[in-house]
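For reference, the structure discussed in these notes is given below.
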Amino acid sequence: MAGTFHLDDISINTIVGAGSSVKGNFFSEGFTRIDGDIDGKLEVAGRVIIGAGARIKGDLIATSANVYGVVNGDILAPESVHIFSKAMVLGDVVTRKLCVEDDVLLNGQCISLSNEESFLQEQKRWLDEKAIAGKTFQLRNSD
C-alpha cells in the first residue's frame, strides 16, 4: 500500500551473518538481512537484503528484495526487486518494479508489471507454469 509506513521498514528483525550457513527452508518475519549461505527456499514476510557475500541456493519469496550477492533460484517479490552491481541471479524474477544495475549477471525470465491486476494475472500464469514443469514453487498460506 503506497504511503504506508511500518516499523519493520527501518529495523532488521532477522540476520544470518557472514560465515553462517543454513541448510533447509528458512522462513522469517519482518525485515531480514542475509550475509551468509542458505541452501533451501528463503521466504520472508517483509523486505530482504541479500548481502554481497551471501549465497542463496533456492527460491526467494519476499515483499521486496535488494540483491547484492548470489541467488541461484527464482525470486518472487511483488513490491520490488533491486539487483545491485556485481550481483548474480540465476532464475526468474517476478515483481511489480525491477531495477537492474550495470555489471549484473541475470539469467532467467523477468516479469515486471506495475499494474496490480496485470501483475496478479501474470504471477498466477507463472506459478502455473512452474507447477506444470514440476517445480514446487508454493506460497505460504496460498489456496
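The values are calculated or read from the model by the stated rules, or taken from the named source; none is laboratory data. This one's a predicted model, so the numbers in the text were calculated from it and none came from an experiment. Here the Cβ is made from the backbone with ideal geometry for all residues, glycine too, and neighbour counts use every protein chain on show. We work out accessible area using only protein heavy atoms, side chains counted, and drop any ligands, DNA or RNA first. Shrake-Rupley method; radii C 1.70, N 1.55, O 1.52, S 1.80 Å.
Report summary: the helix-based calculation at 222 nm, which adds -39500 (n - 2.57) for every DSSP H run with n ≥ 4 and divides by the residues of the chain, gives -4000 deg cm²/dmol. Summing charges over all other residues whose Cβ lies under 12 Å from the Cβ of ARG55, with Lys and Arg as +1 and Asp and Glu as -1, gives -2.
Once the Cα-Cα distance is subtracted from the 0.36 nm per residue extended length, the ARG125 to CYS110 segment shows a gain of 4.1 nm. The charge dipole of the chain, taken about its Cα centre with unit charges on the Cβ atoms of Lys, Arg (+1), Asp and Glu (-1) only, comes to about 280 debye. For the chain, the carbon plus sulfur part of the accessible surface works out to 49%, probe radius 1.4 Å. Close amide H pairs (under 5 Å, H built 1.01 Å from N) link ASN25 with LYS41, residues at least 5 positions away or on another chain.
Here's how it looks for VAL89: its modeled amide H is under 5 Å from those of VAL71, LEU105, LEU106, ASN107, which are all 5 or more places away or on a different chain.
Cβ-Cβ distance of SER85 and ILE132, R₀ of 41 Å, FRET efficiency by 1/(1 + (r/R0)^6): the value works out to about 0.70.
Reported value for region 61-124: 65 Å³ per residue, from the convex hull of its C-alpha atoms. Take the chain with all the other protein chains still there, run a 1.4 Å probe, and you get 56 Å² of accessible area per residue.
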